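**Q** My questions will all concern the structure given below.
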Amino acid sequence: MGKRKEFVGQVISDKMQKTVIVKIVRLVKHPKYGKVVKKCTKFKAHDEKGAAKTGDIVKIEETRPLSKDKHFRVIEIVKKAQITHIDLVTDKIETDSVVREA
């Protein structure tokens with residue numbers, strides 16, 4: 001039997017229930033000019049517990065088709081994001097209130 005494909009990438013969206021969008025970046029050499037170029041691919045991955053958040057680095061594995069375009073599942077969270085979206089929103093609210101008071 002063949003081995004399932006595994007990728008490590010960054011979660012760019014966690015707005016769906018039990019689904020995250022993971023961006024995989026790879027370096028490829030241009031066939032004609034030889035310059036190394038970054039190529040990005042986005043995959044939808046199944047996250048049963050909803051543990052992965054935007055900015056996290058996750059490992060995903062190929063699985064049977066779970067929906068029309070969801071063919072991967074999250075195996076583990078390699079690294080949690082430093083700043084969460086909630087932190088960014090609260091910082092913005094605090095900054096706006098300080099600016100208005102001055």
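**Q** In whole Hz, with x marking every Gly and Pro, tabulate ³J(HN,Hα) for region 28-45 from phi via Karplus 6.51 cos²θ - 1.76 cosθ + 1.60, θ = phi - 60°.
**A** Values, residue by residue: 10, 8, 4, x, 9, 9, x, 6, 7, 10, 7, 10, 10, 9, 10, 10, 8, 10 Hz.
**Q** Still on this structure, please answer the following. Note down the accessible area of Leu27, probe 1.4 Å, to the nearest 10 Å².
**A** Its accessible surface works out to 120 Å², give or take rounding.
**Q** Right, here's the next one. Provide the per-residue ³J(HN,Hα) series for region 15-27, in order, calculated from phi with Karplus coefficients 6.51, -1.76, 1.60 and θ = phi - 60°, each as a whole number of Hz, with x at glycine and proline positions.
**A** With coefficients 6.51, -1.76 and 1.60, one gets 7, 8, 6, 6, 9, 10, 9, 10, 9, 9, 10, 9, 9 Hz.
**Q** Under a 1.4 Å probe, what is the accessible area of region 25-80 per residue, stated in Å²?
**A** On a per-residue basis, 75 Å².
**Q** At a Förster distance of 25 Å, what's the computed FRET efficiency of Thr63 paired with Lys15, Cβ-Cβ distance as r, to 0.05?
**A** 0.70
**Q** On to the next question. Ignoring ligands, DNA and RNA, what percent of the accessible area of region 3-65 is carbon or sulfur (1.4 Å)?
**A** After summing per-atom areas, the C and S share lands at 53 percent.
**Q** Mind ranking 31-42, 9-20 by how tightly packed they are, going by the mean number of other C-beta atoms within 10 angstrom, highest first?
**A** Taking the mean over residues of other Cβ atoms within 10 Å, the ranking is 9-20, 31-42.
The values are calculated or read from the model by the stated rules, or taken from the named source; none is laboratory data. Predicted model only: the values in this text are computed from it and were never measured. No Cβ is skipped: glycine too gets one built from the backbone with ideal geometry, and neighbour counts run over all protein chains shown. Areas reflect the complete protein model, heavy atoms only, side chains present, ligands, DNA and RNA absent. Shrake-Rupley method; radii C 1.70, N 1.55, O 1.52, S 1.80 Å.
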